[in-house]
Every structure is written in C-alpha cells, then in structure tokens.
Amino acid sequence: MYTRVKFAAVVAIAAVIGIGTIAAADNVRARETLTSYEEVPALSTPGIGTFKIDLNRAGDALSYTLTFSGLEADATQAHIHFENRTNAGPVIVFLCSNLGNGPAGTQACPAAGGTITGTIRAADVLGQAGGAAVGIASGEFDEFVRALQAGATYVNVHSTTRPAGEIRAQINDDRHDD
C-alpha cells in the first residue's frame, strides 16, 4: 500500500513538472544579430543590428526591440518574414516603414539608424502579400508564434540602395541561451 501511495505521489509530481516544462517550451525569447551576410543573396555592407523578441506570459503578444546602424543608405522599412534562411519570403509583420506601405499605425523607421520598439498582436499578423499562401493568414497569431519557435522567420531592414534588404537575421527560439 505504501509503495502505491509513493508511486502515485511520484507520478503526480512528474505530471506537474511535465506541465511546467510544456508551458516553458511555449515561450518565445530570441536575441539576434542582423548582418548583410545573412541577406539572400548575401551582401557585404557595414550595416549591423540587433533584434530582441519576447512572448508575454499570456501568450497573446510579443514585445520587440530592433536597433540598427551603419546602413549604406537610409532605412526604408523593416519586417518579419516567413521563410527559412536560404530564401526570401513574404512579409508577415511590419515593424516600421517610411514608404507609407504598412498597415495603419505602422511606425516610421529611423532613416539613419536607431532603435524602435513595439508589440505584435494578432491584428499585426498579415495574410496578404503571400502570407496566406504559405499557411499564415491574417490574425493567426498562434501560427506566427509556432513559425518563430521553428526558426522559420527572419527579420530584415531594407534601405534605399538595398530595397530587397540590407541586413537580416533568422529568428530562432533562443530560450535555452538565457
């Protein structure tokens, strides 16, 4: 009898630990360095940047900070795209734009470099411009988070001389690096 109670207690504790592990695994926390070498095709420019993104505890919003400098020309826009590291893919989230092409409320990019911060919610996830064609429709926040966790997204900053992108970083789930 004592052994059964002890076994049941161990199973219960393991279940609680397992649930905690699953919850922790759902987190997204990434810290990336943007360079021109990660653009597709690769470039060699002096531009550099950092991108930080964190999923909140409720799992319904991502906060981010993008800092960049040294671009060869003024920044025009920055986005998160859906694609692996060897290809260019559709825009899923606008971070900033100086072209007037972002959704209402898109902040301006610091043209000469600087820092922007923001929050990404379901309404910020775009399905147009190819997003729905790859399986992420407008507002599909959970699908976007899964893509972030899988390393299937990248962030890049575009400039006037590099309209396809001047600096880029694949976004990976780096929660184990903290």
Task: All-pairs Cα distance distribution in the stretch 94-162, expressed in whole percent, bin size 5 Å - done: 3, 14, 24, 25, 18, 13, 3
Task: Rounded, prolate or oblate (a/c below 1.5 giving rounded, otherwise prolate when a/b exceeds b/c) for the stretch 29-177 by Cα gyration tensor - done: rounded
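A short reminder: the numbers here are calculations on the coordinates, not readings from a lab. Because the structure is predicted, anything quoted here is derived from the model rather than measured.
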